[in-house]
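Take a look at the structure below.
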Amino acid sequence: MLNEMKYRIFSFILFFFVQYAVFNVLPFWQEQAGRCSMANAQTRLWVRGSAVPGGVQELTRFSTSTTGRYTFKFHGTLLPGDLYITTTETPKTTTRYYAPKLVDTNIVTDKMDYTSKTDSIGSEWAVLFEADNYRFTVDVYNKQVTGELFTWWYEAWICGGCVEDEQGKGSEPGHWQITAGKAMEQSWNDRNVWEWTGLLKNYTYNDEPRRFKINGQYGWSPKVLHPFTQDASILTAKQIWYNGSEDYKWRIVNDGYYRIVINVFEETITGEYLGTEAPDGIIEAPEAEADISVSGYRISLQAPCVMTVRLFSADGSQRIATSGTDVSLTVPASGIYILFATDGQKSITRKIVVE
């Protein structure tokens, strides 16, 4: 009798778990598999409508990881009107429309969910005014659209273990230092393009001696550029992970001179190895001449020519920006500051301690 009761209890528990798995766990995994399959099956997307110059444009596919996932991006001009995100270049019976869950959602949006529809009714995204700096991303795996009006950068810096030797010597041996960063030059033709040519080496004293990343300010945040995978070769790099959730870096293989070009708006990067000798026309620029002194909360700089001067706090936030040959800066409080000054050809960087 006792054994029979135990058998019935065991059978009931087993039945309960089987039912739970069939009606809850299995559908969940089927949904996830279906989502992944549908996302990966979509290899091209277009935008259409009155807001799109020329009527239709194909989006750029960005690979986001080694697992085969990717997103689609738009960078450029939009006009006032409606915009449709579609799976085909021209309307067909198989066309799917990625419609915002809230009707007439602005394309400038923070992670708006979308649904896939078979018709265009209620599928439009709104564009309120013309601008040439629209940038939005279609995440086909999470079914979300994120859009913005891009703000061009004022500076870009290459930072890492391969940019300068003996970083942090003394207080933080080997730790990457923002003061070791190399300023990139902004293009005269396109303010979104930045270029740098210089020496990168395997400085074994430093942490991660072959790696680097690119910052959008004289500090570690908030703007930073990564590759989509750790140790991506700069020589084959093409796309940028803007403010990536993983602190991935690009990697050099050989010591020598490199030319690196980025477009911060279009999220692209290229790298070229130039050899072990300094290329023709590339001269290691000497440090700018300037006298810097500190008295209380006042920092003074005197230079023989006009210099653009920027003062940053230890977290990378810009505090003061000015220019001149005789500059006086007053800081709000004691602490550690970074002074950067340039005449357009030569520069000087100093760590300032105000007590």
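The values are calculated or read from the model by the stated rules, or taken from the named source; none is laboratory data. Model, not experiment: these values are computed from the prediction. Reconstructed Cβ throughout: ideal geometry from the backbone, glycine too, with neighbour counts over all protein chains shown. The area values use the complete protein model at the heavy-atom level, side chains included, leaving out ligands, DNA and RNA. Shrake-Rupley method; radii C 1.70, N 1.55, O 1.52, S 1.80 Å.
Open to solvent by 30 Å² or more (accessible area, probe 1.4 Å) and part of a strand (DSSP E or B): is that true of Asn202 in this structure?
No, not satisfied.
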When residues of the range 38-87 are filtered for being farther than 21 Å from Gln144 by Cβ and in a loop (DSSP other than H, G, I, E, B), how many remain? 7
Are there any pairs, at least 6 apart or on different chains, whose C-beta atoms fall under 7 Å, with the first in the range 321-339 and under 12 Å from Gln302 (Cβ atoms) and the second open to solvent by 40 Å² or more (accessible area, probe 1.4 Å), and if so, which? Gly324/Val306; Thr325/Gln302; Thr325/Cys305; Thr325/Val306; Asp326/Gln302; Ser328/Arg298
Somewhere in the range 134-149, is a residue at pLDDT below 95, among the hydrophobic types (A, V, I, L, M, F, W, C), under 27 Å from Thr105 (Cα atoms) and open to solvent by 50 Å² or more (accessible area, probe 1.4 Å)? no
Can you find a residue that is acidic (Asp, Glu), farther than 27 Å from Gln239 by Cβ and open to solvent by 50 Å² or more (accessible area, probe 1.4 Å) anywhere in the range 81-90? yes
For residues that are at pLDDT 95 or above and loosely packed, with under 10 Cβ neighbours inside 10 Å, tally how many sit in the range 261-289. 0
Hey, among the residues in the range 329-346 that are open to solvent by less than 60 Å² (accessible area, probe 1.4 Å) and either among the small types (Gly, Ala, Ser) or in contact with a His (Cβ under 8 Å, 6 or more places away or on another chain) (or both), which one's farthest from Glu287 (Cα to Cα)? Ala333
All but one of (1) touching a Phe, Trp or Tyr at 6+ places or on another chain (Cβ under 9 Å); (2) open to solvent by 60 Å² or more (accessible area, probe 1.4 Å); (3) not β-branched (Val, Ile, Thr) hold for Trp176; which doesn't? (2)
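Determine whether Ile292 is closer than 27 Å to Lys223 by Cα, touching a strand residue (DSSP E or B) at 6+ places or on another chain (Cβ under 7 Å), open to solvent by 30 Å² or more (accessible area, probe 1.4 Å) and in a strand (DSSP E or B).
Taking the combined requirement at face value, the residue does not satisfy it.
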Out of all the residues in the range 295-305, which are more than 14 Å from Ile348 (Cβ to Cβ) and surrounded by fewer than 13 Cβ atoms within 10 Å (Cβ to Cβ)? Ser295, Gly296, Arg298
Can you pull out every residue in the range 314-324 that is open to solvent by 60 Å² or more (accessible area, probe 1.4 Å) and touching a strand residue (DSSP E or B) at 6+ places or on another chain (Cβ under 9 Å)? Ala314, Gln318, Arg319, Ala321, Ser323
Kindly indicate whether any position in the range 45-55 is under 30 Å from Gln230 (Cβ atoms), within 28 Å of the chain's Cα centre (by Cα) and open to solvent by less than 70 Å² (accessible area, probe 1.4 Å). yes
Filtering the range 91-112 down to residues that are touching a strand residue (DSSP E or B) at 6+ places or on another chain (Cβ under 8 Å) and β-branched (Val, Ile, Thr), which residue is most open to solvent (accessible area, probe 1.4 Å)? Val108
By residue number, the members of the range 105-150 that are farther than 22 Å from Tyr70 by Cβ, charged (D, E, K, R) and outside any strand (DSSP E or B) are Asp119, Glu124, Glu130
Among what's in the range 60-74 and is in contact with a Lys or Arg (Cβ under 6 Å, 6 or more places away or on another chain) and open to solvent by less than 40 Å² (accessible area, probe 1.4 Å), pick the residue that is modelled with the highest pLDDT. Phe72
Of the residues in the range 230-246, those that are of a type in the set (Asp, Glu) and at pLDDT 95 or above number 1
